[in-house]
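Accompanying notes for the structure given below.
Nothing in this text is a laboratory measurement; each read-out follows from the coordinates by a stated rule. Nothing here was measured: the structure is a model prediction, and the numbers come from that model. Backbone-built Cβ (ideal geometry, glycine too); neighbour counts: all protein chains shown.
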Amino acid sequence: MKLKSIQIAGFKSFANKTNIDFQNGFTGIVGPNGSGKSNVIEAVRWALGEQSAKSLRGKKMKDVIFSGSKDQHPLNRAEVSLIFDNTSHFLESDYSEVKVTRKYYRSGESIYSINDHECLLRDIHNLFMDTGLGEGSLSIISQGNVDDILDDDVQKRRTIIETAAGVYHYKKQKNESEKK
Ligand code: ATP
Ligand code: MG
């Protein structure tokens, strides 16, 4: 599985539709302070279902919507799509290319979709659970995360290891069935 491209529109500093295509190997994003490098990675986390506005450096979720600049009016919608190569069917989907999209409107309406079929946030979480990209995964390490991991209590650290080992999924299912 490989992230082939990201499409961003109306998300944070990306007012206009922006496509970022990834080639094989490493990709580095460089640019002056405030040019939007961190916003790119936040767009990825957001499309994967991030629910915490705070962890996206905002107060409310609507802070992800382009809020205007001296040349452009604020927008009413943020939209991010991630396009994955899934020829290996690593993601549990029949599609050889998987596109996940999240849209958010100033009204508070939120839409998720997989390959342009509307779905629930839970479907997005399930698609990526135990792939290394799911909720709380360690594929994206942001500033300060390393300290958090080292400082966390034993139970939290265990959850981190279980997530990395790909068994957290089973534990969550077990806990849910015990609750029923
Ligand atoms: P640094 O090198 O300092 O880490 P960076 O390239 O990572 O910078 P970002 O933090 O990604 O930069 O981008 C910050 C910019 O995004 C700021 O100029 C901020 O005003 C802009 N920004 C954030 N949210 C919005 C929004 N909702 N609408 C418009 N612009 C926004
Ligand atoms: Mg940054």
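Kindly flag which residue pairs out of K54/K174; K59/K103; K17/K70 have an alpha-carbon separation exceeding 28 Å in this structure. Working shown, then result.
Numbers: K54/K174 30 Å; K59/K103 18 Å; K17/K70 18 Å.
Violating the 28 Å limit, Cα to Cα: K54/K174.
Which of Q72, Q51, Q155 moves the most in a Gaussian network model of the chain with Cα springs under 10 Å?
Q155
For region 52-69, what does the Karplus curve 6.51 cos²θ - 1.76 cosθ + 1.60, with θ = phi - 60°, yield as ³J(HN,Hα) per residue in whole Hz, taken in order and with x for Gly and Pro?
9, 4, 4, 6, 9, 6, x, 9, 10, 4, 5, 5, 7, 7, 3, 9, x, 9
Got the relative contact order for the chain handy, in percent, Cα pairs under 8 Å and 6 or more residues apart? Please report the intermediate quantities before stating the final value.
Details: 266 pairs, mean separation 32.5, N = 180.
18 percent.
Structure shown: which of K2/K62; K4/K37; K37/K62 lie over 26 Å apart, alpha-carbon to alpha-carbon?
On the way: K2/K62 29 Å; K4/K37 18 Å; K37/K62 20 Å.
In this structure, K2/K62 lie more than 26 Å apart at Cα.
Set the Förster radius R0 to 22 Å, insert the Cβ-Cβ distance between N16 and N145 as r into 1/(1 + (r/R0)^6), and round the FRET efficiency to 0.05. Before the final figure, lay out the partial values.
Values: r = 31 Å, r/R0 = 1.39.
With a Förster radius of 22 Å, E is 0.10.
Would you work out if region 58-105 is rounded, prolate or oblate? Take a ≥ b ≥ c from the square roots of the eigenvalues of the alpha-carbon gyration tensor; rounded if a/c is under 1.5, else prolate when a/b is larger than b/c, oblate otherwise.
prolate
Too long at a 26 Å Cα-Cα cut-off: which of K12/K99; K156/K180; K12/K172?
Numbers: K12/K99 21 Å; K156/K180 24 Å; K12/K172 33 Å.
Too far apart for the 26 Å limit: K12/K172.
Please check: in the Gaussian network model of the chain (C-alpha springs, under 10 Å), which one of S13, S113, S88 has the largest mean-square fluctuation.
Taking springs between Cα atoms under 10 Å, the residue moving most is S88.
Each residue of region 72-88 in order: what ³J(HN,Hα) in whole Hz does its phi give by Karplus 6.51 cos²θ - 1.76 cosθ + 1.60, θ = phi - 60°, with x for Gly and Pro?
Using θ = phi - 60°, the values come out as 10, 5, x, 10, 9, 9, 10, 9, 9, 10, 10, 10, 10, 6, 10, 4, 7 Hz.
Could you let me know the centre-to-centre spacing of region 23-75 and region 135-180, using Cα atoms, in angstrom?
Region 23-75 and region 135-180 have Cα centres spaced 25 Å from each other.
Treating cross-link reach as a plain straight distance, find the aspartates and glutamates whose alpha-carbon is under 20 Å from the alpha-carbon of K60, omitting any fewer than eight places away in the same chain.
Straight-distance partners of K60: E42, E50, E79, E109, E135.
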